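Notes follow once the structure below has been shown.
The values are calculated or read from the model by the stated rules, or taken from the named source; none is laboratory data. As the structure is a computational prediction, the values presented were derived from the model and not from experiment. Because the Cβ atoms are built from the backbone with ideal geometry, glycine has one as well, and the counts that use them run over all protein chains shown.
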Amino acid sequence: MNLQQEKGKQNPSVRVWDIPVRLFHWIFASCFIIAWLTLDNRYLDIHVFAGYLMGGLILFRILWGFIGGPYASFHDFTFSGSEVSDYFKGVLKRCPPRFLGHNPAGSWAIFLLLGLGLSITVTGLLTLGGEEQQGPLAGYLNYSQGHLAHELHDWLAWLMLGMVIIHLAGVLIESLLHRENLVAAMLTGCKSSDADAVSTASHWKVGVTMLVIIISAGIYWFQGYLTETPEQPYQPFLGPVLPDNSLWREECGACHLAFHPSLLPARSWKSMMEQQASHFEEDLYLEEDTLKKIEAFLIENAAEQGLTEAAWKINRSIAKTEVLLRITQTDYWLKKHQDISDAVWEHPKVSGKFNCAACHMDAEAGTFEDAAMSLPDNVEAQ
């Protein structure tokens, strides 16, 4: 018997990670990467889907930690603080004990990642419900509460990124110390071990069920992109139906887009109506009764009412002593558009900062959802 045959006999390959665990690991990692790359609200639908999927995977992994086989069971890798400390001491001496499943340090990392992932999912739902007024929690939180949830969501995401980096470093260190490829083991599910080691079942039926559910959910979530047309572009998140007024829309929309009153505070609209004879160098020639009706509608639905996320943020960005007459003068608008070049504003399809509808599909509705925004075709290429 040669050395290679003897080594194979003493260290047979056993299945440590079943298919559900491996699918969870790689799809969970992919969800985090996708969510991180889609922090821009323009891709909010992708970000939200990744969040929903991450939350669903975590719930599955918690369940699988109780009903799954060896190595997947929480009971198999629950270690005390002293055991984790002893393991780190072994690492420092470059001779830590080898574990077929999760080692003590890795087990704690897994629990922390699951806890952080669940916390990120919950704060994401709170943010979606509060700031965007979308999802299962829509209507239960206001924009201020959603903003606080968003800040916590971001902080937890950075914390999780740190944990991921630590986890990857741990995988690299253990791979080097034990001279085995742990990444390959999570792909194949197999590791070398003593002859009496227990091999877990593949649980392929559970794995197939997971994939079918995930693929079906993806098709359902993104099906709008398959049916969109230039005339009816898909808007993944529709804003709330805002108060409307036919007289306001007729008079104000006769010359330009009827900017919804939620985009400026009441004091701005009041001042604008008082100066109707010099309305941006034009005389509106509105009769007194018409003027009063339009002014009442504008004031009743001004930015202070917080009817949309854009309205809430615009109102927060304006000092109480300021009376701005242009939406483009607000700090919020300036911050959101600071990276847009002059070439875009001068493009024939845009022709100026007043033409909101050139980039915002819901400009007429007044909701200005981030996911309903995109530059017109060929504008960036000019």
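Out of the residues in segment 88-127 that are among the polar types (S, T, N, Q) and without any contact (Cβ under 8 Å) to a residue 60 or more places away in the chain, which is surrounded by the most Cβ atoms within 10 Å (Cβ to Cβ)?
T127
Can you spot a residue in segment 249-271 that is among the basic types (K, R) and touching a helix residue (DSSP H, G or I) at 6+ places or on another chain (Cβ under 7 Å)?
yes
When segment 296-312 is examined, which residues are found to be closer than 16 Å to P240 by Cα and buried (at least 19 other Cβ atoms within 10 Å of the Cβ)?
Within segment 296-312, N301, A302, A303, L307, T308, E309, A310, A311, W312 meet the criteria.
Would you please list the contacts, defined by Cβ atoms under 7 Å and residues six or more apart or on different chains, that run from a residue in segment 188-201 that is among the hydrophobic types (A, V, I, L, M, F, W, C) to a residue that is crowded, with 17+ Cβ neighbours inside 10 Å and in a strand (DSSP E or B)?
Pairs found: C190/V14; C190/R15; A197/V14.
Which is more than 30 Å from L44 (Cα to Cα) and among the small types (G, A, S), of A254, A319?
Testing whether each residue is more than 30 Å from L44 (Cα to Cα) and among the small types (G, A, S) leaves just A254.
Return the residues of segment 65-121 that are of a type in the set (A, V, I, L, M) and not in a helix (DSSP H, G or I); say none if nothing qualifies.
Correct list: A72, L100.
Going by what's in this entry, would G81 be described as in contact (Cβ under 8 Å) with a residue 40 or more places away in the chain and either buried (at least 17 other Cβ atoms within 10 Å of the Cβ) or over 19 Å from S119 (Cα atoms) (or both)?
Judged against the criteria, G81 is not a match.
Within segment 183-232, which residues are among the hydroxyl-bearing types (S, T, Y), surrounded by fewer than 12 Cβ atoms within 10 Å (Cβ to Cβ) and assigned to a helix (DSSP H, G or I)?
S216, Y220, Y225, T227
Can you name the helices (runs of 4 or more DSSP H) wholly within segment 280-382 that have at least 1 residues being in contact (Cβ under 8 Å) with a residue 60 or more places away in the chain and not assigned by TED's automatic domain parsing to the domain that holds D45?
309-317
Condition test on V212, is it hydrophobic (A, V, I, L, M, F, W, C), under 30 Å from W26 (Cβ atoms) and touching a residue at least 60 places away in the same chain (Cβ under 8 Å)?
Criteria not met by V212.
Answer with yes or no whether G81 is in contact with an Asp or Glu (Cβ under 8 Å, 6 or more places away or on another chain) and either of a type in the set (S, T, N, Q) or farther than 29 Å from L238 by Cβ (or both).
no
Check segment 151-163 and report whether any residue there is out of contact with any helix residue (DSSP H, G or I) (no Cβ under 7 Å at 6 or more places or on another chain) and modelled with pLDDT under 95.
No, the conditions are met nowhere in segment 151-163.
Name the residue, out of F28, F111, F49, that is farther than 21 Å from G170 by Cβ and at pLDDT 95 or above.
F49
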